[in-house]
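See below for the structure under consideration.
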Amino acid sequence: MLSGVFRLSWRPGRALSTGAASALASKPKAMVTAERIAALEARALEGGGAKRTEAQHAKGKLTARERLAVLLDPGSFHETDMIKAHRCTDFGMERNRMPGDGVVTGHGTIHGRTVFVYSQDFTVLGGSLSETHAEKICKIMDRAMLVGAPIIGLSDSGGARIQEGIASLGGYADVFLRNVLASGVVPQISVVMGPCAGGAVYSPALTDLVFMVRNTSYMFVTGPEVVKAVTNESVTAEQLGGAHTHTAVSGCAHNAFDDDMHALAAVRLALSYLPQSSRAPPVRLAPVDDSPLREVAALDEAVPDDSNLAHDMAAVVRVLVDAGSAFELSPDLAPNVLTFFGRFDGRPVGIVANQPKCLAGCLDIASSIKAARFVRMCDAFRLPVVTFVDVPGFLPGTHQESGGIIRNGAKLLYAYAEATVPKVTVITRKAYGGAYDVMSSKHLRGDTNYAWPSAEIAVMGAEGACEILFHARPREEVAKAVADYKHAFSNPIKAAERGFVDAIIQPRTTRRRICEDLAMLEHKKLDNPPKRHGNIPL
């Protein structure tokens, strides 16, 4: 225990009082050093002190250390650089040195698996990033890549520490570099739990998954005051960069949660689907209570006979995966395509599905980007990709064309074609035009491709095709041509005859087929041609 004199007389950055100096002089050197270390560690544990901690709680936010206690397995956290402090002497900063320097770093476990973490402490200098603060983050990122373990960053920072000038900016660049080097090597998850402004936003933007907390977190390059000064536009922080903006409009974040507790629980859940690194296989959960042989009779009637009526593809996905294993990512962004983590017979997979209930399942710019990034993440971390197809094509219109649907649609095509993980595709109904090709078709190295009897695999719908082919013919002839076209093409038979689908299956057997195929493909090995890197149409 620390003596009362020592505890009251000394704080980091302050000179020792005469009484404290006398007390230290009478003790062995090792004991003095131990007491000094204990005092520094105690100060680090206090963070910004009781008043600032209360202010944090008043906003509905946990402190940096409380967040790590929720995120990690109990008792597993090993802290790094606990008493490291900044070296700045400008603007009187030498009198404001805090052990830890506003970020808690180290490693622990989640579900017994090693992860490396950093948690910014807003109660200490506003969580601002200094050169030292960045060094602490970079150290654990380097270690994570060295041993092959995920990196989780909890952001709650006012931005660069202005007093340090260019040193703090250099610190950001050091972190960004490691985000890039770690990309595709180890999973990186960012949780924005407070302010994240200016250059700081680019670290989450470079990571695999980004979660936000509603009403307490925001990200933007320039804040409301700057926007007002430059554009004369009045906007709140929430409108400019809140959770809804980034999960439903910009796509900079995947999911939003009501509070810190739910966001951190989601991180633990997301990690259960991901491997430790690109060198490790995904973790299969076994035994599984949900039989891989389970049939779903309701799927035989899931697709309406009238192709103009929508069905809910999300319901199809949820009933096919292992019970309770569907975890949807980006549910509020581009809902015409769905992206899930899920499991089949305990094996984690990524799932992409067209959603006919939104825009009839058409692919547009936003959905192409959303799905492409998800497919590439799955491929990077060895997650098989299961695709459910009901797509009438790419969304037409001047807005889409001028916005770059060609380039952005090509991103999804590129992602599927490049992916070397197991790919299982099920066409439930429409697979028209170029969208048929793009959605993990056999032509893009799909491993197993199935069609339900309700599938329609064609260049376009019957009415549209016949309007082009027979536009000058009498209406009766056009009507007959439509019927003939439907008989010939509004089914999966032609595709099966050419081997473009491996089998036409009864919908109720879909789960069994997928589980069996994933087992068969477990040791698939496919390499792309040697090259520096491809040139995806960014």
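The values are calculated or read from the model by the stated rules, or taken from the named source; none is laboratory data. As the structure is a prediction and not an experimental result, all values here were calculated from the model. As a convention, Cβ positions derive from the backbone with ideal geometry for all residues, glycine included, and neighbour counts pool all protein chains shown. Heads up: the accessible areas ignore ligands, DNA and RNA and are worked out on the full protein's heavy atoms, side chains in. Shrake-Rupley method; radii C 1.70, N 1.55, O 1.52, S 1.80 Å.
Values for this structure:
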item	result
Residue-averaged [θ]222 nm for the chain, counting only DSSP H segments that reach four residues, each worth -39500 (n - 2.57)	-11000 deg cm²/dmol
By average C-beta atoms within 10 angstrom, highest first, the peptides 221-229, 507-515, 321-329, 386-394	386-394, 507-515, 321-329, 221-229
Beta bridge orientation in the chain: antiparallel %, DSSP, nearest 5	35 percent
Protection proxy ranking, peptides 518-529, 452-463, 209-220, average beta carbon neighbours within 10 Å, highest first	209-220, 452-463, 518-529
Cα convex hull volume per residue for region 355-429 (Å³)	80 Å³
Between region 184-243 and region 440-476, the alpha-carbon center distance in angstrom	43 Å
Theoretical FRET efficiency, 1/(1+(r/R0)^6), r = Cβ-Cβ of SER183 and ALA488, R0 41 Å, to 0.05	0.30
Kirkwood Rh and Cα Rg combined as Rg over Rh, evaluated for region 383-538	1.03
Separation of the ASN232 and LEU469 label points, Cα + 7 Å toward Cβ, nm	5.9 nm
Cα shape, region 393-453, gyration tensor, a/c 1.5 rule	oblate
Shape of region 232-324, Cα gyration tensor, a/c cut at 1.5	oblate
Cα centroid of region 305-350 to Cα centroid of region 412-434, whole Å	15 Å
Taking N as its residue count, the alpha carbon Rg of region 176-233 over 2.2 N^0.38 Å	1.32
Apportionment of accessible area to carbon and sulfur, the chain, percent (1.4 Å)	58 percent
Solvent-accessible area per residue, Å², over the chain with all protein chains present [probe radius 1.4 Å]	45 Å²
Set LYS430/LYS494; LYS442/LYS494; LYS29/LYS136; LYS357/LYS442; LYS423/LYS524; LYS61/LYS228 screened for pairs whose C-alpha atoms are more than 18 Å apart	LYS29/LYS136; LYS357/LYS442; LYS61/LYS228
Which of PHE381, LEU363, SER440, positive extreme of dipole for the chain (C-beta unit charges)	PHE381
Antiparallel bridge percentage (DSSP; both residues within region 314-396; nearest 5)	70 percent
Region 358-403 versus region 32-65: alpha-carbon centroid distance in Å	46 Å
Nearest-0.05 FRET efficiency for ALA315 and GLU295, computed from C-beta distance (R0 25 Å)	0.95
Ranked by how many other beta carbons lie within 10 Å on average, peptides 363-370, 244-251 from highest	363-370, 244-251
Net charge of neighbours whose Cβ lies under 12 Å from the Cβ of ALA266, counting Lys and Arg as +1 and Asp and Glu as -1	-3
Exposure ranking of LYS136, LYS27, LYS59 by accessible area [1.4 Å probe, largest first]	LYS59, LYS27, LYS136
For region 461-538: rounded, prolate or oblate by the Cα gyration tensor [a/c cutoff 1.5]	oblate
